[in-house]
Amino acid sequence: MRGSAALCAALLAACVALSSAGDCSSYSKNGVGPIASEENCRSACITAEGIDCTKAVFDRQGPCEDFKTSAEGGTGVECTCMDEQENHRDVCKDSTFVSSSVSLRPRLVSSLLVVSVALIFHNALGFLFG
């Protein structure tokens, strides 16, 4: 059972690392930051994160940056980029950011699915050989 607890802790830590981003108010990378506007977010995607926002895919689907301000009651912002393969990259999210809707990013959902499968597999092996 001790191995199960260690496995759960390691998998949970991996999920948190995949789904978290630092505060936009303290973001600083390659001369970009802090992020407080859509222009700052676009600069972060291009200059700091190295995403080529001129690719044709963005012409069809909109900008590569996704800048959001907090819903009522919140004061923070969030910046996310989409790369050429349409993968979302969380750049930053203020701890004071209040989302207007509940949404789970595909990356977080995938991480939780991996954790669930790993735990089921681990428990099945323990049952068979334990």
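Among (1) open to solvent by 50 Å² or more (accessible area, probe 1.4 Å); (2) part of a helix (DSSP H, G or I); (3) modelled with pLDDT of 90 or more, where does CYS41 come up short?
(1)
Can you work out which of the residues in the stretch 71-106 that are open to solvent by less than 80 Å² (accessible area, probe 1.4 Å) and farther than 22 Å from ALA48 by Cβ is modelled with the highest pLDDT? Can you show your working first?
Keep residues of the stretch 71-106 that are open to solvent by less than 80 Å² (accessible area, probe 1.4 Å), which gives 71, 74, 76-84, 89-92, 94, 96-99, 101, 105.
Right, trim to farther than 22 Å from ALA48 by Cβ and you get 71, 74, 98-99, 101.
Details: ALA71: 85, GLY74: 79, VAL98: 89, SER99: 84, SER101: 60.
In this case the residue turns out to be VAL98.
The values are calculated or read from the model by the stated rules, or taken from the named source; none is laboratory data. Predicted model only: the values in this text are computed from it and were never measured. Cβ: placed from backbone, ideal geometry, glycine included. Neighbour counts: every protein chain shown. We work out accessible area using only protein heavy atoms, side chains counted, and drop any ligands, DNA or RNA first. Shrake-Rupley method; radii C 1.70, N 1.55, O 1.52, S 1.80 Å.
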